[in-house]
1. Normalising by the residue count of the chain, find the relative contact order in percent from Cα pairs under 8 Å and 6+ residues apart.
2. Based only on Cα atoms, what mean projected area does the convex hull of the chain have, in nm²?
3. With only alpha-carbon pairs counted, each pair once and no self-pairs, how large is the Kirkwood hydrodynamic radius of the range 73-163 in angstroms?
4. Would you mind getting the Kirkwood hydrodynamic radius of the range 1-123 from its Cα pairs, rounded to one decimal in Å?
5. Taking Cα centroids, how far is the range 41-64 from the range 124-183 in Å?
6. Per DSSP helix of 4 or more residues, -39500 (n - 2.57); summed, then divided by the residues of the chain. What does that give at 222 nm, rounded to the nearest 500?
7. Using amide H atoms built 1.01 Å from N in the peptide plane, name the residues 5+ places from Val297, or on other chains, whose amide H lies under 5 Å from its own.
8. State, as an integer percentage, the relative contact order of the range 352-457 based on alpha-carbon contacts under 8 Å between residues 6 or more apart.
Amino acid sequence: MNLWIQKESDLEPTGNWEDSYIFTINREKYSTIYSNITTLWYHMDQMEIEPIYEDLFIIGLSIFAADKRVSRRIFRDCWTREISISIPVIEYEKWNNTVKKWESLLGFLTGDHWKISFRKTDKVFSYRKNKNRKHINVKNCDCVSLFSGGLDSFCGAIKLLQEGKSPCFVGHNEYPKLREKQSKFVTGFKQEYSGQYMEFISFSANSRAPRKKDGSYLKKSENTSRGRSLLFICTALSIAGIIGGTTPVYIPENGFIGLNLPLTQSRIGTCSTRTTHPHFLRMFKEILFLVGIKNKVINFFAYLTKREIVSSVKDTKIFKQFYSETISCSHPCIARWNEKGSTYYPINCGYCYPCLIRKSSLLDVENATNEYTYATTGLDFLIKYEETEKINDLVAVLNAVYESKKMSDGELKRKIKYAGNLHTEEIEKYVRLYRLTINDLCELFLRDKSLYKILGV
């Protein structure tokens with residue numbers, strides 16, 4: 001499938017691209033890809049940002065839109081897509097040298113076959129005049145940190161503030177209620193760490209169905225979104241570039257989720273993000289180096305379990321105040337369709353993969369309180385929902401715990417290596433990480449005696 005990204009009043013597709021679906025990115029006109037980022041840059045006193053950072057954002061936005069709008073169901077295996085995409089960039093010569101690296105990176109990220117084509121443009125997306133200009137002073141910040149409102153990013157924020165840093169927190173405004181939570185946490189940070197400077201930036205991005213020249217549009221969309229996290233990082237880097245050319249970007253996420261090993265053979269094609277996998281980060285950093293972007297991208301939780309992350313900050317006042325409200329769930333809006341009612345969201349469902357990891361991470365938190373749509377995930381849960389998809393993640397995690405008892409270190413190392421190209425030292429660290437996380441999950445499950453037999457205890 002051919003996709004053409006039309007930036008502002010850029011050229012329409014011709015030649016081999018004639019039959020492409022066209023995504024438009026316009027500031028003032030109707031646009032099939034839209035974001036509030038230009039307004040935010042303007043609030044940061046930027047009439048336009050450096051071209052290399054604008055290009056990076058446009059690339060991330062384009063991949064995000066393509067990933068979201070091209071359905072996997074229309075391809076032969078209902079998963080692996082063939083996507084050719086033409087993206088306009090200002091710094092054409094620099095980006096053209098990274099084509100093969102982008103194709104490898106995106107193949108690893110989304111599990112698809114990508115053909116990337118960059119083309120030269122002089123169209124600038126940055127400038128967007130706003131009469132009601134609100135000034136956001138990010139220049140006083142010394143780092144940028146992704147802030148999803150999840151437990152990992154919440155703990156990462158505490159770590160940075162405990163170290164005396166002045167972060168700019170960047171959140172993706174997926175829906176208003178999640179943004180409200182993110183803002184609430186940052187307000188708490190400002191009160192607790194009143195002597196430190198910090199900012200909170202909430203950006204939005206979305207896409208409509210692209211159209212061909214003849215007016216026909218791409219009807220189906222995709223419910224997986226691995227490209228979302230790439231856009232998250234590219235946006236954070238564009239803000240880091242405004243602060244300074246060496247300002248670091250932190251992406252706090254526990255190493256177990258970052259490694260993203262399939263729990264079973266049937267889950268090889270997992271929908272989870274891979275943007276914190278060390279192999280992805282290594283490829284991404286190579287691209288940044290080739291185009292001259294010097295901002296470091298750092299995950300300081302790369303080799304820590306979620307339980308270890310929580311333990312490092314659990315005694316702080318701010319953690320105790322807000323941890324129970326953080327959202328780690330893969331479908332936090334599920335409460336809209338259950339008995340708790342439409343206003344009771346976002347909330348952790350309690351039974352998805354991230355929720356189970358979250359539960360195991362809080363085992364050391366005294367009198368841990370958490371809100372879940374479903375509080376228990378024991379045998380009664382498996383029986384009650386055996387005919388539904390609700391039990392899929394729980395069954396997969398239980399199987400992973402059971403199988404890990406029989407898995408040798410050599411087998412585990414091969415499994416880790418197969419999931420992404422890693423150095424020997426990295427593999428050793430992930431063996432430790434995997435074992436500890438599985439032990440944490442086992443400890444969680446064994447609190448329910450009905451699961452003893454299932455786990456082989």
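1. The normalised contact order for the chain reaches 15 percent.
2. 22.5
3. 17.7
4. 15.2
5. A separation of 16 Å, based on Cα centres.
6. Rounded to the nearest 500, it is -12000 deg cm²/dmol.
7. Correct list: Val249.
8. Relative contact order comes out at 40 percent.
Any read-out appearing in this document is the output of simple, stated calculations on the displayed coordinates, not a laboratory observation. Quick caveat, the model's predicted, so the values are computed rather than measured. Backbone-built Cβ (ideal geometry, glycine too); neighbour counts: all protein chains shown.
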